[in-house]
1. When the chain is treated as a GNM, springs tying every alpha-carbon pair under 10 Å, which of 23, 45, 11 comes out with the largest mean-square fluctuation?
2. Each label point is 7 Å from the Cα along the Cα-to-Cβ direction; what then is the distance between the points at residue 114 and residue 43, in nm?
3. Considering only DSSP beta bridges whose two residues both sit in the chain, what percent are antiparallel, to the nearest 5?
4. Of 90, 50, 67, which has the largest mean-square fluctuation in a 10 Å C-alpha GNM of the chain?
5. Helix-only estimate, please: 222 nm mean residue ellipticity of the chain, summing -39500 (n - 2.57) across DSSP H runs of length 4 or more and dividing by its residues, to the nearest 500.
6. Between 0 and 90 degrees, rounded to the nearest ten: what's the tilt of helix 3-21 against the longest Cα principal axis of the chain?
7. Give me the extension gain from residue 69 to residue 21: residue separation times 0.36 nm, minus the current Cα-Cα distance, reported in nm with one decimal.
8. Between residue 61 and residue 85, what is the spin-label point distance in nm, taking each point 7 Å from the Cα along the Cα→C-beta axis?
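Just so you know, all these numbers are worked out from the coordinates, no wet-lab data involved. Computed from a predicted structure; not experimentally measured. Positions of Cβ are backbone-derived with ideal geometry, glycine not excepted, and every protein chain shown enters the neighbour counts.
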């Protein structure tokens, strides 16, 4: 497996740990619908959160959250709509980004709530 894929998996695992530590229940990982994928689906109370996780091992090309494009956001929203209907969700939803950087041997997590809608 390519190093960037391994870094991404580690970042996603760190995002799950972070969310659980903050009291979120992670319902799904890598939820797919057609050409779209949602990295994490989480729940906190009556709020359903769709999370895009971006991980970088260095910031040479910019911060991780800067790599969530308009097109990617639209794909996530389309998959989220499918998830909501497939699971009969009748409460609020939110779209977040969790940006993770590896600084030495330490993961740094930046949680951006309501990142796009």
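1. Ranking 23, 45, 11 by mean-square fluctuation puts 45 first.
2. According to this spin-label approximation, the distance is 2.3 nm.
3. 65 percent
4. 90
5. For the chain, the value works out to -10500 deg cm²/dmol.
6. It is inclined by approximately 60 degrees.
7. Fully extending the segment from residue 69 to residue 21 adds 14.5 nm.
8. With each label placed 7 Å out from Cα toward Cβ, I get 3.5 nm.
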